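Input: a single structure, listed below in structure tokens.
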């Protein structure tokens, strides 16, 4: 057995300090090792490992914090994290120094759950695996395909290892012994949606994630001819968290010995998944945190950019989003699939932009993929170059993934990044609301449409609706089941060209002229007045914008 370096205070501050943690008391010894994370409970004395870092959830008063600091010093803790800003002041700093530990402040807005997960992942990155650095349970660390083959040998059946989104992480040999549906799953590296939907309706995923026992899936209720071999599934857990599942295609019920083997295998798979996730999740979360801090343009933006390697250079904010249904209308399982799809999209976006422009930082924030795109070459053409890179990305991912990409303005200074982000989000809204605009754009391409959307928001906020002639015409159409509003819109869009407007509506020009006279008679709109025409066109455009 080899000894592994433990996570230290210095590493915690390097990884989390830019945006989450700040030293508020005591002296930081970056080489002090952290032996574990403990949540302080004033009603129940916890067990403190050597070198503990303690989360002071709910501590607010300086006196309470001071007493806890003294106690933790006696117990050999290395640090205490409290909500920042604290009320301790100089007294707290002195108490922490005397106790020989450091007090860190958790930034407002960050949750204790997030912090605990990040600290746990950082510690797990060093601690997962009890044998050595290269193996877990005698198999190469993180080699899920080797794990899948080992599980298949134990169960005497071909298996797949899948994540919570039913994405295939690894599969064993002998898949030819399964059926056509398994082959389709392996080729697509994802359980086909039609199967996933049926399994959800049958309650398979509910039983799988709720109970700690194998779940048998009979092909007959699924109702597809290409699924002929029964499945046995077992959830992979780390504590209360479900990491994924193991699926075995077997026509025979599991014997008690094989069921025990499946349970043991699930524990081993959990270790490998944790090892893989420890590095990937921390890196992804920290990058998202740094990119988010930079986009806000506040006090920590410059330091965040420095850690991303993007300090002191002009940047363009690029925002991308998947087109899709409203998540509020989707099932929980469908939302999990959507989250996995967004992450894969963000990863592909990052790979493409980094290849086009090394140094680009990409992260998913609030369901959108944001990129900090460094300006290379003349700033005057930077937006155009970013738009070309975005367009090439959409071409490469093909039509199967429906997405839109918006380009913000060039940010020459850190303080301008927030405005560049706002610009990109405004453009992105136009692309999502008006598909005819295209899949990618800059503000220069959609400024008028963006202003119309914002004007529509203002009207909605005030409770305004079209009034005057247009309102009267809309009401007449509703009562009479006519479409004179459509006639007016076609004529206005044709700049008064009767021949062009009538061709759009597939009517005779004389019919169009008659309808225009009727519009004047019904609502009193003077089509010879340019101001009246402009007002009508503006009201119609705003009224049609999606909210």
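Please state which one of 371, 441, 406 is at pLDDT 90 or above, closer than 20 Å to residue 287 by Cβ and touching a strand residue (DSSP E or B) at 6+ places or on another chain (Cβ under 7 Å).
Only one candidate passes the filter, namely 371.
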Q) If you go through segment 405-434 one residue at a time, how many are farther than 22 Å from residue 366 by Cα and touching a residue at least 40 places away in the same chain (Cβ under 8 Å)? A) 2
Q | Unique match (being surrounded by 15 or more Cβ atoms within 10 Å (Cβ to Cβ) and touching a helix residue (DSSP H, G or I) at 6+ places or on another chain (Cβ under 7 Å)) among 470, 401 | A | 470
Q) Out of all the residues in segment 63-89, which are assigned to a helix (DSSP H, G or I) and out of contact with any strand residue (DSSP E or B) (no Cβ under 7 Å at 6 or more places or on another chain)? A) 63, 64, 66, 67, 70, 71, 73, 74, 89
Q) So residue 173 fits all but one of (1) loosely packed, with under 15 Cβ neighbours inside 10 Å; (2) touching a helix residue (DSSP H, G or I) at 6+ places or on another chain (Cβ under 7 Å); (3) not in a loop (DSSP other than H, G, I, E, B); what number is the exception? A) (3)
Q: Mind listing just one residue for me: the one in segment 521-547 that is farther than 17 Å from residue 494 by Cα, in contact with a helix residue (DSSP H, G or I) (Cβ under 9 Å, 6 or more places away or on another chain) and part of a helix (DSSP H, G or I) and, of those, modelled with the lowest pLDDT?
A: 544
Q: Answer yes if at least one residue in segment 207-216 is buried (at least 18 other Cβ atoms within 10 Å of the Cβ), in contact with a helix residue (DSSP H, G or I) (Cβ under 9 Å, 6 or more places away or on another chain) and farther than 24 Å from residue 342 by Cβ, and no otherwise.
A: yes
(Q) Can you pull out every residue in segment 348-404 that is in contact (Cβ under 8 Å) with a residue 24 or more places away in the chain, assigned to a loop (DSSP other than H, G, I, E, B) and under 21 Å from residue 290 (Cβ atoms)? (A) 357, 359, 367, 375
Q | residue 252 more than 25 Å from residue 433 (Cβ to Cβ), loosely packed, with under 15 Cβ neighbours inside 10 Å and either at pLDDT 70 or above or in the same structural domain as residue 147 (by TED's automatic domain parsing) (or both) | A | yes
(Q) Let me confirm something: among 163, 143, which residue is at pLDDT below 80, assigned by TED's automatic domain parsing to the domain that holds residue 264 and closer than 27 Å to residue 285 by Cα? (A) 143
Q: Could you figure out which of (1) surrounded by fewer than 14 Cβ atoms within 10 Å (Cβ to Cβ); (2) at pLDDT 85 or above; (3) at negative phi isn't true of residue 227?
A: (1)
Q: State whether the residues of segment 41-62 include one that is assigned to a helix (DSSP H, G or I) and either modelled with pLDDT under 80 or surrounded by 12 or more Cβ atoms within 10 Å (Cβ to Cβ) (or both).
A: yes
(Q) Quick check on my filter: what residues within segment 186-206 are in a helix (DSSP H, G or I), crowded, with 16+ Cβ neighbours inside 10 Å and in contact with a helix residue (DSSP H, G or I) (Cβ under 8 Å, 6 or more places away or on another chain)? (A) 195, 196, 198, 199, 200, 205
Q: Please go through segment 507-546 and pick out each residue that is loosely packed, with under 13 Cβ neighbours inside 10 Å and within 46 Å of the chain's Cα centre (by Cα).
A: 534, 544, 546
(Q) Quick check on residue 466: is it within 42 Å of the chain's Cα centre (by Cα), outside any helix (DSSP H, G or I) and either modelled with pLDDT of 85 or more or over 19 Å from residue 436 (Cβ atoms) (or both)? (A) yes
Q: Could you check residue 129 against (1) assigned to a strand (DSSP E or B); (2) modelled with pLDDT under 80 and say which number it fails?
A: (1)
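Would you confirm, using the coordinates I've provided, whether residue 379 is closer than 26 Å to residue 339 by Cβ, more than 22 Å from the chain's Cα centre (by Cα) and either surrounded by 23 or more Cβ atoms within 10 Å (Cβ to Cβ) or assigned by TED's automatic domain parsing to the domain that holds residue 310 (or both)?
Against the criterion (closer than 26 Å to residue 339 by Cβ, more than 22 Å from the chain's Cα centre (by Cα) and either surrounded by 23 or more Cβ atoms within 10 Å (Cβ to Cβ) or assigned by TED's automatic domain parsing to the domain that holds residue 310 (or both)), residue 379 does not qualify.
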Q. If a residue has to be under 30 Å from residue 308 (Cβ atoms) and assigned to a helix (DSSP H, G or I) to count, how many in segment 411-446 make the cut?
A. 23
Q: Quick one: count up the residues across segment 52-68 that are touching a residue at least 40 places away in the same chain (Cβ under 8 Å) and over 34 Å from the mean Cα position of the chain (by Cα).
A: 0
Q. For segment 477-499, what are the residues that are in contact with a helix residue (DSSP H, G or I) (Cβ under 7 Å, 6 or more places away or on another chain), outside any loop (DSSP other than H, G, I, E, B) and under 19 Å from residue 526 (Cβ atoms)?
A. 484, 485, 487, 488, 489, 490, 491, 492, 498
Q: Check segment 481-492 and report whether any residue there is free of Cβ contacts under 8 Å to residues at least 24 places away in the same chain, more than 44 Å from the chain's Cα centre (by Cα) and surrounded by 14 or more Cβ atoms within 10 Å (Cβ to Cβ).
A: yes
Q) Looking at segment 289-322, which of the residues that are farther than 16 Å from residue 354 by Cα and under 14 Å from the mean Cα position of the chain (by Cα) is modelled with the lowest pLDDT? A) 289
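The values are calculated or read from the model by the stated rules, or taken from the named source; none is laboratory data. Just so it is clear, the structure is predicted and the values come from calculations on it, not from any experiment. Quick reminder, even Gly has a Cβ in these numbers, built from the backbone with ideal geometry, and neighbours come from all protein chains shown.
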